[in-house]
Amino acid sequence: MISANRHRQGGVDKLWILLSIVGWVLLGASSLAAASGATSRLETFFDQWRQAAGPWMTEAEAQLFDQLEGAEARELFLRHFWAQRQPLPAATDGAAAMAAEIDPAERFQRHLEEALARFEGLEDARARALLLAGKPLDVTHLGACADVLRPLEVWTYHDATVLLFYRQGSEVRQWSPAEGAGALMFADSSRWSSQEVFDFFDDRGCWRSRHGAAIDLQAALDGALAFDALVERSVSRPRDASWPEKFKARRAAGELGLPVPHVSLETPGRFQQKTILRGRFLIPPSLVGRNAEGHLFDRLIIQGDIWLGKTPGGRLVDSFRVVHHVAGSPSDEAAFPLVFYRRLRPGTYYLDVRLQDRRGLALARRQESLVVPRLHTEAQPPAGYGKGFSGLTRSQVGVLTTFPGIEILPPTQQLLVGEVWLEAVTTGGPIDAVAFELDGREVARDPDAPYAALVDFGSQPRRRHLRAVAYDPAAMELVVDEQVLDLPSRFAVHLEEPTAQHYGDQARVRLELPADVDLDRLEIFLGDRLLATLHQPPFVQALPQLPAAAPEALRFVRAVATLESGEQVEDLVVIQGQGPLEEIDIQLLELYATVVDAQGRPVRGLERQAFRVFDDDVEQQLIRFDTVESLAINVALLMDISSSMRRQLELASRSARRFFETILTPKDRASLLTFNDDIQQVVPFTHDVDLLLRGTTGFRAWGTTRLHDSLIFTLHSFGGLEGKRALVLLSDGQDVDSDFPFPQVLEAALKSRLAVYPIVLGLEDAETLANLRTLAQETGGRFFAIANIEQLDRVYRRIEEELRSQYLLVYRSPPRSQGSGLRRLRVDLAGEGLRARTLTAYYP
């Protein structure tokens with residue numbers, strides 16, 4: 001299905017209402033004219049709705065619905081039923097305002113479709129629970145002690161709601177606290193107390209998931225909701241309890257009807273010896289939803305059944321579903337058509353067709369018998385669709401009904417480097433070609449739909465401006481869409497003044513803030529002396545005169561930005577003196593070193609004099625020495641979720657949750673990224689442990705292992721973060737399909753100056769093992785090879801211990817003129833058997 005999420009108009013004086021067939025979804029059988037085994041879409045519609053909506057219905061509503069006869073009467077009931085549950089528009093407090101944005105009918109329809117897709121009916125207790133509460137955040141299956149404990153399934157939600165299900169025979173039931181814990185056992189335990197049940201299961205170790213993870217079932221049982229309690233907290237009641245009586249009176253007076261006139265039917269000709277039936281609804285724009293800009297934006301569905309003979313119930317020969325996505329800005333408020341096509345043999349049929357909106361409510365319903373004639377004139381399919389009636393008469397059809405427009409589809413890859421596939425969806429027309437412009441320059445033009453191009457974005461990710469222009473057959477610009485392809489938002493601070501070449505008389509700071517965070521303060525230091533604390537722009541502070549013989553401690557200016565959450569970043573400029581200086585390149589280099597003894601155990605408590613730092617074999621003077629225990633840590637966990645991780649993924653996710661819980665203190669930050677064919681930053685850098693824990697749920701293992709690209713992308717995600725930084729990688733496979741070879745990964749890591757900790761699971765590829773071992777050694781990290789996923793917790797503990805026991809060594813890097821390219825680093829220690837593990841090289 002093709003859905004237009006955003007369409008912009010430009011350079012068009014006249015708007016046409018067009019039916020543009022731009023994409024099709026085939027979900028069922030491709031030929032229905034002789035589909036004697038077709039399944040009706042509408043025959044059981046009301047019975048299914050009645051079963052699903054039962055918990056919402058009052059006694060009076062249920063009685064009225066059961067008394068109504070005819071499809072149109074019941075369709076009217078559905079519209080009034082949900083209208084009674086619409087939130088009042090005059091919402092004043094935040095919670096009410098949020099509730100007012102949620103249409104209960106639309107939410108019900110979405111949950112119903114999910115329940116039917118997952119459980120193929122509503123008899124399963126889980127389907128009924130999903131209707132009320134929606135999809136859970138996490139589902140845990142308990143499979144231990146199968147001889148005495150029934151199969152259990154635990155659903156948890158963001159708001160800590162817990163639902164518990166158990167299987168009894170072929171039936172799945174939702175557990176209720178009134179049943180007691182004994183209901184979860186096969187044996188007759190009705191006389192057992194809950195404590196006796198738990199003691200019995202604890203002795204046998206039954207509280208474990210199918211994958212061996214321990215489950216706090218006592219907490220699950222204490223918090224689990226019974227179905228009645230779930231109904232009470234989930235359903236809404238009518239604002240006017242007497243509305244069923246008013247509905248009957250108004251309907252008897254002929255005051256009620258569906259908003260769209262009945263469908264008009266035509267037979268324009270034949271196709272492949274069969275007659276084409278064309279149905280046409282005229283839709284007033286007032287019935288169509290709109291986006292924030294006021295343009296039409298909605299999803300309307302036509303569903304139909306066609307039976308052989310004058311009445312339903314005989315042989316079902318066709319069942320179809322046409323999804324229309326309506327988008328654009330019409331030039332007037334005239335009604336526009338929604339059309340469906342069917343292909344039938346001459347004969348007598350019974351047609352049942354329904355037009356519904358995104359809430360599942362009918363705009364029109366028509367049921368009648370019709371005679372399909374034998375025709376000899378060939379029907380002409382709508383212009384612009386190459387497959388003609390073969391595609392238009394499939395069981396599932398997706399249609400864009402729209403005005404001239406174009407939409408750039410966001411690139412599927414997050415790392416926008418190298419060759420990037422660009423795509424644009426057009427609607428309306430006539431469109432002859434689409435040109436892609438990158439940063440003001442046309443880089444590709446595609447004359448054929450679907451419009452796409454492979455464009456070289458270069459080797460370094462940066463902010464780009466992308467423009468897609470649709471041209472008509474006269475080469476006139478018809479419509480345009482634009483996107484700014486930005487780097488991921490980040491929290492960063494930049495000291496623009498002073499510079500290494502000029503001290504000047506003021507410090508001026510530029511701050512980058514993500515849209516959803518707030519600044520607490522920005523502090524400016526001269527050496528260790530706090531000059532100012534600022535809370536809003538402009539971030540400018542006068543600098544005192546720097547003595548000519550200023551001590552080392554005063555020879556740098558530092559800016560530290562702190563968010564309300566406690567997260568911090570900083571920037572620092574080394575000062576050589578007052579006034580203009582000759583052009584030299586000076587930078588402060590931070591080394592984080594882990595010191596281990598002969599047995600490889602971390603060593604703490606060393607003093608500054610125990611360390612000697614060599615830059616290209618030249619000893620350097622330390623201007624700062626500290627321990628990481630007193631510093632913030634920024635760590636990114638990069639997880640492989642490719643198909644080869646399928647069996648280990650659940651345990652890996654649980655272990656990641658424990659890693660975040662144990663390693664982070666309030667001043668630390670962490671992020672979570674995943675990769676397979678694609679790379680996703682699931683949770684950006686944050687101090688919020690709960691957010692990170694929620695991010696580790698719901699992974700699905702699929703795709704290949706794009707290892708090198710994911711490492712480079714993760715290295716870029718640290719941009720603007722200062723202090724101790726570490727990348728922890730978990731993977732079980734060698735690189736597949738990356739754009740970057742390993743030498744570029746190593747170069748990027750050395751330029752980033754952060755430690756990489758690769759953890760490989762059961763990997764046997766010698767080249768990948770050697771590369772990852774080199775990556776760890778060169779960056780000052782550590783390489784771990786484990787045989788099974790159960791060893792992961794131990795590895796995470798060792799990484800945490802190492803990160804907390806490091807030393808910070810700061811010195812001034814020699815000027816660039818003394819060397820070029822890669823520089824080698826060495827840290828010597830005073831003490832027998834001691835060895836420093838740190839960055840071994842860097843690019844100045």
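The values are calculated or read from the model by the stated rules, or taken from the named source; none is laboratory data. All values reported here derive from a predicted model rather than from experimental measurement. Every residue, glycine among them, receives a Cβ derived from its backbone with ideal geometry; neighbour counts consider all protein chains shown. Keep in mind that these areas ignore ligands, DNA and RNA; they rest on the heavy atoms of the full protein, side chains included. Shrake-Rupley method; radii C 1.70, N 1.55, O 1.52, S 1.80 Å.
Which cross-chain or sequence-distant (5 or more) residues have an amide H under 5 Å from the amide H of residue 626, H modelled 1.01 Å from N in plane?
808
What ³J(HN,Hα) values, in whole Hz, does the Karplus curve 6.51 cos²θ - 1.76 cosθ + 1.60 give for the stretch 152-164 when θ = phi - 60°, with x put for Gly and Pro?
Once rounded to whole Hz, the list reads 10, 9, 10, 9, 10, 10, 4, 8, 6, 4, 10, 10, 10.
Considering only the other residues whose Cβ falls under 14 Å of the Cβ of residue 600, what net charge follows from Lys and Arg at +1 and Asp and Glu at -1? Could you put the intermediate results ahead of the total?
Details: positive: 601, 782, 798, 835, 837; negative: 597, 801, 802.
Surrounding charge for residue 600 is +2.
Express the carbon and sulfur contribution to the solvent-accessible surface of the stretch 429-548 as a percent, rounded to the nearest whole number, probe 1.4 angstrom. Each step should come with its number before you reach the end.
Numbers: 3040 of 6400 Å².
Of all accessible area on the stretch 429-548, carbon and sulfur atoms account for 48 percent.
Spelling out what I want: for every residue of the stretch 678-689, take phi, set θ = phi - 60°, compute 6.51 cos²θ - 1.76 cosθ + 1.60 (Karplus), and round to whole Hz; glycine and proline get x.
Using θ = phi - 60°, the values come out as 10, 10, 10, 8, 5, 9, x, 4, 7, 9, 7, 5 Hz.
So how do 469-476, 152-159 stack up, highest first, on mean other-Cβ count within 10 Å?
Numbers: 469-476: 15.4, 152-159: 16.9.
My ranking of the peptides, most packed first, is 152-159, 469-476.
So, for the stretch 691-746, what is the accessible surface per residue at a probe of 1.4 Å, expressed in square angstrom?
On the way: 1890 Å² over 56 residues.
Dividing the accessible area of the stretch 691-746 by its residue count gives 34 Å².
Using the per-residue mean of other Cβ atoms lying within 10 Å as a proxy for protection, in what order, highest first, do the peptides 61-70, 105-114 fall? Before the final figure, lay out each step's value.
Details: 61-70: 14.0, 105-114: 17.1.
Answer by packing, highest mean first, reads 105-114, 61-70.
Residue 249 to residue 482: extension gain in nm, 0.36 nm per residue of separation minus the Cα-Cα distance?
On the way: separation 233, 0.36 × 233 = 83.88 nm, distance 5.38 nm.
Taking residue 249 through residue 482 to full extension adds about 78.5 nm, to one decimal.
Accessible area, 1.4 Å probe, largest first: how do 571, 677, 617 sort?
Largest accessible area first, the residues go 617, 677, 571.
Among 452-464, 648-660, what's the highest-first ranking by average C-beta atoms within 10 angstrom per residue? List each step's numbers first, then the result.
On the way: 452-464: 14.2, 648-660: 20.5.
Ranked from most to least packed, the peptides come out as 648-660, 452-464.
Find how much the distance from residue 677 to residue 44 grows on full extension, using 0.36 nm per residue of separation minus their present alpha carbon separation; answer in nm with one decimal. Each step should come with its number before you reach the end.
Working: separation 633, 0.36 × 633 = 227.88 nm, distance 4.17 nm.
Net length gain for the segment: 223.7 nm.
Just read off the accessible area of residue 270 with the full protein assembly in place, 1.4 Å probe, to the nearest 10 Å².
Residue 270 has an accessible surface of roughly 50 Å² with all protein chains in place.
Return the carbon/sulfur percentage of the accessible area of the stretch 219-312, one whole number, probe 1.4 Å, all protein chains in place. All intermediate terms of the calculation are to be shown ahead of the outcome.
Numbers: 2400 of 4850 Å².
It is 49 percent, rounded to a whole number.
With each label point set 7 Å from Cα along the Cα-Cβ vector, what nm distance links residue 226 and residue 658?
Each label point is offset 7 Å from its Cα along the Cβ direction, giving 3.7 nm.
Between beta-carbons, use under 13 Å as the cut-off and find the net charge around residue 508, counting Lys and Arg +1, Asp and Glu -1. Please report the intermediate quantities before stating the final value.
Numbers: positive: 510; negative: 496, 497, 505, 571.
Net of charged neighbours comes to -3.
Averaged per residue, what accessible surface does the stretch 612-675 expose to a 1.4 Å probe, in Å²? Could the numbers behind the result be given before it?
On the way: 2500 Å² over 64 residues.
Normalised by residue count, the accessible surface of the stretch 612-675 is 39 Å².
For the stretch 229-269, what is the accessible area per residue in Å² when the probe is 1.4 Å?
Numbers: 2460 Å² over 41 residues.
Accessible surface, normalised per residue, equals 60 Å².
Per residue of the stretch 344-349, what does 6.51 cos²θ - 1.76 cosθ + 1.60 with θ = phi - 60° give for ³J(HN,Hα)? Whole Hz please, x for Gly and Pro, Karplus curve as stated.
10, 6, x, x, 9, 9
Taking H placed 1.01 Å from N in the peptide plane, check which residues at least 5 places from residue 445 or on another chain put their amide H under 5 Å from its amide H.
436
For residue 785, list long-range residues whose amide hydrogen, built 1.01 Å from N in the peptide plane, is under 5 Å from its own amide hydrogen.
For residue 785, whose amide H was placed from the backbone, the distant partners under 5 Å are 760.
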